[in-house]
Each structure stands twice: as structure tokens, then as C-alpha cells.
Amino acid sequence: MSTTTLDRVPFESSAPPDSLGSPVSLGTSDRRNFAFMGATIDIHATLDDTGASTSLIELGIPPHFPGAPPHLHEHMTEGFYILEGTIDVLRDGVWSQARRGDFLLIPPGVVHAYRNSTDQPARFLVMAPGHDRFFVELIDWMHREPIWPPTDRQALVAFGRRHDTIYV
């Protein structure tokens, strides 16, 4: 795992840390702040905001959060910068821990996933083109779906494909 240590810049999330249950939009009409399953999603920059170059999303995940299942992106490079806590990151079949100040860059075609297996919450930035749209559609879907993850695997595969995400 390649890491770079950067100085910490404080980020304040508008989402309450103890938001549980159904996904909830916490922001204004621009729909940039969400909470679900004890996690928070704060969209700081959208693809539209950056002239189609990237999206910047802050994720806050509670202790023992299952995270994203193993997946890859055919075209997209995804970056993670850890703001607080520790997350487990799967990259090419190997789990390792990323801690505050670590930066990870996941090139296209690399199978990866994340989770929080610790007793402490974690916060990290995700930088990837179009991930703002991924999370907005995901939250909308979670509002409609009574069981998560959905029992219809083909619907999940189709959702992923729309966002350059191939679940493995």
C-alpha cells in the first residue's frame, strides 16, 4: 500500500454522528448530506462543481461498519484520504489498515473494498469522478428498498454498471 502523510485540515460535518436507521437527507435542496445505517455522506464537490474532473465525498462510518463490498472500476481512479480513525482496505486480495493521514490511490481494474472493523468511528475522503451521483442514487434506492443489501443481485449489478462499478 502506498501512503502519503499530509497535514490534517479540520472538516466539520453537518450530519449528526448518531444518525441511525433509514437513509435521511440532511442537507438543503442541493442534497449533499445524507445518513444511513449510522454512516454519514457529505458531498463537498460534485462532478458538475469540478468541471467533470472529480467528486469529493466525506464518509463517516461507525464502528464495525461492513463498508463497500469488493468491486472494481473499469475507467475510474479512486482515492481515499483518512481523516480520522482506521479503516480496513482490500486491494488486490490483501486487507491492510489505513490510518489518519494515509492516502490510497486505486487505479482502474483493481478490486478493492473497505470496512471498519474497529471499535471507533472513522472518517475519510473519497475522490472519484461521478461518485456524487453514485451516492445520491444509492440513497434514493435505499429509501425505496425494504431490505439492504437488495435481494435482487441483478439490480445491484445494473446499478453498479451505471456508475463504472463492477461488483465481484
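The values are calculated or read from the model by the stated rules, or taken from the named source; none is laboratory data. All values reported here derive from a predicted model rather than from experimental measurement. Because the Cβ atoms are built from the backbone with ideal geometry, glycine has one as well, and the counts that use them run over all protein chains shown.
Within the range 106-118, restricting attention to residues that are out of contact with any Asp or Glu (no Cβ under 8 Å at 6 or more places or on another chain) and within 17 Å of THR77 (Cβ to Cβ), which residue is surrounded by the fewest Cβ atoms within 10 Å (Cβ to Cβ)? Talk me through it step by step, then tell me what you get.
Here is the first cut: in the range 106-118, the ones out of contact with any Asp or Glu (no Cβ under 8 Å at 6 or more places or on another chain) are 107, 113, 118.
Of the ones still in play, those that are also within 17 Å of THR77 (Cβ to Cβ) are 107, 113.
On the way: PRO107: 11, ALA113: 18.
Only one residue tops the list, namely PRO107.
Filter the range 18-54 for residues that are among the hydroxyl-bearing types (Ser, Thr, Tyr), at pLDDT 90 or above and farther than 21 Å from PRO149 by Cα and give the result.
Step one: of the range 18-54, the residues among the hydroxyl-bearing types (Ser, Thr, Tyr) are 19, 22, 25, 28-29, 40, 46, 50, 53-54.
Next cut, at pLDDT 90 or above only: 40, 46, 50, 53-54.
Selection gives THR46, THR50, SER53, THR54.
Checked against the criterion of being out of contact with any Ser or Thr (no Cβ under 7 Å at 6 or more places or on another chain), hydroxyl-bearing (Ser, Thr, Tyr) and not in a helix (DSSP H, G or I), the range 118-135 contains not a single residue that satisfies it.
Got at least one residue in the range 83-103 being of a type outside the set (Ser, Thr, Tyr), touching a strand residue (DSSP E or B) at 6+ places or on another chain (Cβ under 6 Å) and within 20 Å of ASP48 (Cα to Cα)?
The initial filter retains those residues of the range 83-103 that are of a type outside the set (Ser, Thr, Tyr), namely 83-85, 87-95, 97-103.
Now drop any that are not touching a strand residue (DSSP E or B) at 6+ places or on another chain (Cβ under 6 Å), which leaves 83-85, 87-91, 95, 97-100, 102-103.
Then keep just the ones that are within 20 Å of ASP48 (Cα to Cα); that gives none.
No - not one qualifying residue is present in the range 83-103.
Of all residues in the range 147-154, none satisfies being within 23 Å of GLU58 (Cβ to Cβ), hydrophobic (A, V, I, L, M, F, W, C) and modelled with pLDDT of 90 or more.
Given the condition in contact with a helix residue (DSSP H, G or I) (Cβ under 9 Å, 6 or more places away or on another chain), among the β-branched types (Val, Ile, Thr) and buried (at least 17 other Cβ atoms within 10 Å of the Cβ), answer yes or no: does some residue in the range 151-165 qualify? Checking the range 151-165: at least one residue is in contact with a helix residue (DSSP H, G or I) (Cβ under 9 Å, 6 or more places away or on another chain), among the β-branched types (Val, Ile, Thr) and buried (at least 17 other Cβ atoms within 10 Å of the Cβ).
Residues that are within 23 Å of PHE34 (Cβ to Cβ), touching a residue at least 40 places away in the same chain (Cβ under 8 Å) and of a type outside the set (S, T, N, Q): does the range 90-97 have at least one? There is no residue in the range 90-97 that is within 23 Å of PHE34 (Cβ to Cβ), touching a residue at least 40 places away in the same chain (Cβ under 8 Å) and of a type outside the set (S, T, N, Q).
Considered as a group, the residues in the range 76-117 that are of a type in the set (Asp, Glu) and in a loop (DSSP other than H, G, I, E, B) include one that is modelled with the highest pLDDT, and that residue is ASP102. Screening VAL157, VAL89 for residues that are more than 14 Å from the chain's Cα centre (by Cα) and within 24 Å of VAL168 (Cα to Cα) leaves exactly one candidate, VAL157.
For every residue, the table says whether it meets (1) in a strand (DSSP E or B); (2) touching a residue at least 24 places away in the same chain (Cβ under 8 Å); (3) closer than 16 Å to PHE124 by Cβ.
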site: THR40; (1), (2), (3): yes, yes, yes
site: ILE43; (1), (2), (3): yes, yes, yes
site: LEU47; (1), (2), (3): no, yes, no
site: GLY51; (1), (2), (3): no, no, no
site: THR54; (1), (2), (3): no, yes, yes
site: LEU59; (1), (2), (3): yes, yes, yes
site: PRO63; (1), (2), (3): no, yes, yes
site: PRO66; (1), (2), (3): no, yes, yes
site: HIS71; (1), (2), (3): yes, yes, no
